[in-house]
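Scroll down for the structure; my scribbles are underneath it.
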Amino acid sequence: MSTTLPPLTTQDAETLLTAARAAADAAGVRVSVSVLDAGGHQLAFRRDDRALLISGETSTRKAYTALQLDSATADLVDAVKPDGPFHSLATALDRPLLFIAGGLPVHRDGRLVGAIGVGGGAPEQDHSFASAAVAALR
C-alpha cells in the first residue's frame with residue numbers, strides 16, 4: 001500500500017510567506033518572497049512596498065534553484081565559483097538559476113514538496129528569513 005504525500009498547499013505557501021515577511025519586518029528589511037510547489041509553479045508571491053524591484057526576480061530564481069537542486073542556495077555558492085565543481089552550471093542551462101543565499105527547499109516527511117526564495121536583504125539575511133519560514137511550517 002502506498003501513501004500519497006500531501007502537496008504544498010496554498011495555505012502552506014501563505015504560512016511560509018507570512019513567516020518570512022515577519023522575520024524581515026523584525027529586521028527592518030523590505031523583501032520579496034516567492035513560494036513554489038514541487039513542479040516549480042508559483043503558489044505565493046509578495047513584494048513589500050519599497051522593496052527593490054529586482055528582489056521579485058531574485059526571490060523567484062532563488063526558490064527555483066533550491067527546488068531544482070534540492071539544496072539551500074547558500075550551500076551552492078562555492079560550487080559555482082570559477083574553481084568550483086559546478087562552475088559552468090549557472091550558464092549551462094537556459095533556466096533561471098541563481099546561486100545567492102536566500103533559497104531553501106521545503107520538505108515534508110523527508111520528500112521535496114516545494115521551495116521558498118527571499119530577496120531584498122543581504123544574502124545572509126535572506127537565508128535567515130527563509131529559514132524562519134521553513135521552521136514556522138514544521
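Each reported figure results from applying straightforward, stated rules to the coordinates on display, with no laboratory input. What you are looking at is a predicted structure, and each value in this text was computed from that prediction instead of being measured. For neighbour counting, all protein chains shown are included, and Cβ atoms are generated from backbone atoms with ideal geometry for every residue, glycine included.
Remarks
- Förster radius 35 Å - calculated FRET efficiency between Asp75 and Arg50 (Cβ-Cβ, nearest 0.05): 0.70
- Each of Phe86 and Glu124 was given a label point 7 Å from its Cα along the Cα-to-Cβ line. The distance between the two points is 2.3 nm.
- Remark on Gly114: its backbone amide H falls under 5 Å from those of Val106, a criterion applied only to residues 5 or more positions apart or on other chains, H modelled at 1.01 Å from N.
- Dipole orientation for region 10-137: of the candidates Ala23, Thr73, Phe86, Ala23 has the Cα lying most toward the positive pole (charges on Cβ; Lys, Arg +1; Asp, Glu -1).
- Only Lys, Arg (+1) and Asp, Glu (-1) charged, at Cβ; the chain dipole about Cα centre in debye: 180
- Between Arg108 and Ala22, residue separation times 0.36 nm minus the direct Cα-Cα distance comes to 28.7 nm.
- Volume per residue of the convex hull around the Cα atoms, evaluated for the chain, comes out as 110 Å³.
- A Cβ-based charge dipole, computed about the Cα centre of region 92-138 with Lys and Arg at +1 and Asp and Glu at -1, lands at about 200 debye.
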